Each structure stands twice: as C-alpha cells, then as structure tokens.
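A quick write-up on the structure given underneath.
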Amino acid sequence: MINYPTIWPQFFTASIQQHFHLLKEDSYKDIIVNSLKFLVDDKRIDLSAFVILSNHVHIIWQPLQHYTLTDIQASFMRHTAKQILKKLEAENPELKEKLKVNKYDRDYQVWKREPLSIELFNEKTFLQKLEYIHNNPVAAKLVALPEDYKYSSAKFYETGLDEFKIITHYSGN
C-alpha cells in the first residue's frame, strides 16, 4: 500500500500591496529570510525553494506536524508585515503611509490579500515550479544565472551551498 502525503508541497506567492518595491533593499529581504528560518528551525515547515524579489516572494514549502497551511501562511504574512512596517516607520515613514488602509481589522496592509497557493501533487509540477522560481531573477534581468542571485535557493541546487541554512532540500526520485 502506498503512503501518500496528507499535505503536498505548496507553491506559494505573496505580492506586496500596490506592487511597491518594499523588498528592494537587502535588509527588507532579510526579514523574509529570518521568518522562513524561524519556520524551518521551529519545525513548522520543510522549505524546498524560495526567491525574494523587490515586490513579491515565491516559496515551495510543506507544513509539518500539526501545522496547517493556512496557519503557516497567515503567520508568515502577519509576522513579515509587522517587521516591514516597523522598519518603514524608522526609515521611510512616507512610504509606510502609502500602505495605510484603515480597515476594521488593520491600519496598514503590506501584502496583497489572497496570496497564490498551489498544491504540487506530482514531481513534474514540482520541478516546473522550482525552475520557475529559480529563473525569476534572470527573467527580471537581475542576474545572468539563477545561482548568482543571493536571495534564492538556486545556488543550493547548483552547488549544495545554503548561505541562509534554511533549505530542507528536494532530491527527487
């Protein structure tokens, strides 16, 4: 009998509200990396791939143990939004004000509502999304080769080096 996973790896995309380039500076990208590192270190997710661009992130992750995908996504987006807003308050309050929404449940909104999340239920789909993630910085003309982009897991798959020590890995069959 085959033991199928109850939760497949997920391709996740979150975009910054109004496509502002809030993540252009490395210090803002580090907020994303640190949040992913916490989720990995706390054994909430396996992280197979990621890329952080100036106005969006792509991630392939899989919830672990008793964590749900909804909980992981909400926690990630809430925590990173709070950290980004805190940094904007100190460094760029004018830009922070552009994120003001005055909704009943929040004053500011960093991430667009309803991020994309797709189950990767077979290896072919997984590998397509992995390649898509890693080629994003090349398509954006930020680098010539995927592994040259610092805020991506591409270097790990090319060289085995994980600068941030957050990739769980995907070895294929």
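The values are calculated or read from the model by the stated rules, or taken from the named source; none is laboratory data. A quick note: this is a predicted structure, and the numbers were derived from the prediction, not measured. Neighbour counts run over all protein chains shown; Cβ positions are idealised from the backbone, glycine included.
From Gln73, Gln65, Gln83, grab the single residue that is loosely packed, with under 15 Cβ neighbours inside 10 Å and either in contact with a helix residue (DSSP H, G or I) (Cβ under 6 Å, 6 or more places away or on another chain) or not hydroxyl-bearing (Ser, Thr, Tyr) (or both). None of the other options fit; the residue is Gln65. For the range 86-102, a residue qualifies if it is basic (Lys, Arg) and either surrounded by 12 or more Cβ atoms within 10 Å (Cβ to Cβ) or closer than 29 Å to Val143 by Cα (or both), and the qualifying residues are Lys86, Lys87, Lys96, Lys98. Within the range 16-33, the set of residues being in contact with a helix residue (DSSP H, G or I) (Cβ under 8 Å, 6 or more places away or on another chain), part of a helix (DSSP H, G or I) and of a type in the set (A, V, I, L, M) comprises Ile31, Ile32. Checking each residue in the range 42-67 for being at negative phi and free of Cβ contacts under 8 Å to residues at least 24 places away in the same chain picks out Asp42, Leu64, His66, Tyr67. Scan the range 117-139 and give yes if some residue there is on the phi > 0 side of the Ramachandran plot and in a loop (DSSP other than H, G, I, E, B), otherwise no. No, the range 117-139 contains no residue that is on the phi > 0 side of the Ramachandran plot and in a loop (DSSP other than H, G, I, E, B). Residues that are part of a helix (DSSP H, G or I) and among the acidic types (Asp, Glu) within the range 44-94 comprise Asp71, Glu89, Glu91, Glu94, listed in sequence order.
If we scan the range 141-158, do we find a residue that is closer than 12 Å to Ala49 by Cβ and in a strand (DSSP E or B)? Yes, there is a match, as at least one residue in the range 141-158 is closer than 12 Å to Ala49 by Cβ and in a strand (DSSP E or B).
Taking the range 22-46 as the range and being surrounded by 15 or more Cβ atoms within 10 Å (Cβ to Cβ) and of a type in the set (Gly, Ala, Ser) as the test, only Ser35 passes. So for the range 127-139 (the condition being modelled with pLDDT of 95 or more and over 15 Å from Ile59 (Cα atoms)), does at least one residue qualify? Yes, because at least one residue in the range 127-139 is modelled with pLDDT of 95 or more and over 15 Å from Ile59 (Cα atoms).
Rundown of residues vs (1) farther than 18 Å from His21 by Cβ; (2) aliphatic (A, V, I, L, M); (3) in contact with a helix residue (DSSP H, G or I) (Cβ under 7 Å, 6 or more places away or on another chain), yes/no style:
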| position | (1), (2), (3) |
| --- | --- |
| Leu95 | no, yes, yes |
| Lys103 | yes, no, no |
| Arg106 | yes, no, no |
| Val110 | no, yes, yes |
| Leu116 | yes, yes, no |
| Phe121 | yes, no, no |
| Lys124 | yes, no, no |
| Asn135 | yes, no, yes |
| Val143 | no, yes, yes |
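Taking (1) modelled with pLDDT under 95; (2) surrounded by 13 or more Cβ atoms within 10 Å (Cβ to Cβ); (3) of a type in the set (Lys, Arg) in turn, Arg113 satisfies each apart from (2).
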